[in-house]
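Quick notes on the structure that follows.
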Amino acid sequence: MAMVRALVNERSVVIFSKSSCCMSHTIKTLISSFGANPTVYDLDELQKGHQIEKELKALRCKPSIPAVFIGQELIGGANEIMTLHLKGQLVPLLLRANAIWV
């Protein structure tokens, strides 16, 4: 988990994705639409992408892509992000993580 933690450390929003994943694109677009500037790691374009994906699976992120961290905390994948959004809880979470400002 050391590699994932190092990539997430001190960043307000991190998305682990794959360039060909439509759900990853949807989540990146949603979070960016609120004014956040997420750090995005496309695992299929990284040399150690396979190792990072194994670490995400070990963190119980299923499916492993997309994996969203807000405020250095694993929030989950597309289902969790969309659920938070529909409940009106995503924006407050982004605000608390200083990812967006009002």
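From the C-alpha gyration tensor of the chain, pull out the three semi-axes of the equivalent ellipsoid (sqrt of 5λ each), sorted largest to smallest, in whole Å.
Square roots of five times the eigenvalues give 21, 14, 12 Å.
Hey, what's the stretch 53-100 come to in accessible area per residue, 1.4 Å probe, Å²?
54 Å²
Enumerate the aspartates and glutamates that LYS62 could reach by cross-link, defined here as Cα to Cα under 18 Å, with residues fewer than 8 away along the same chain left out.
Straight-line reach from LYS62, under 18 Å: ASP42, ASP44, GLU53, GLU73, GLU80.
In nm, to one decimal, how far is the modelled label at MET1 from the one at GLN51, with both set 7 Å along Cα→Cβ?
Here the answer is 1.8 nm between the modelled labels.
Between the DSSP loop rule and a limit of at most 15 other Cβ atoms within 10 Å, which chymotrypsin sites (Phe, Trp or Tyr not before Pro) in the stretch 1-94 are left?
In loop regions of the stretch 1-94 (DSSP not H, G, I, E or B), the sparsely surrounded chymotrypsin sites (Phe, Trp or Tyr not before Pro) are PHE34.
So, counting K/R as plus one and D/E as minus one, what does the shell of residues with Cβ under 10 Å around GLU53 add up to?
Charge balance in the 10 Å sphere: +2.
Quick one: angle between helix 49-58 and the longest Cα principal axis of the chain, in degrees between 0 and 90, rounded to 10, please.
Helix 49-58 sits at roughly 70 degrees to that axis.
Probe radius 1.4 Å, ligands and nucleic acids ignored: give me the carbon and sulfur share of the accessible area of the chain as a rounded percent.
Looking at the chain in its full context, I get 52 percent from C and S.
The values are calculated or read from the model by the stated rules, or taken from the named source; none is laboratory data. If you're wondering where the values come from, they're calculated on a predicted model, not measured in any experiment. Please note: Cβ atoms are built from the backbone with ideal geometry, for glycine as well, and neighbour counts cover all protein chains shown. When the accessible area is computed, the model is the full protein with side chains, heavy atoms only, and any ligands, DNA or RNA have been set aside. Shrake-Rupley method; radii C 1.70, N 1.55, O 1.52, S 1.80 Å.
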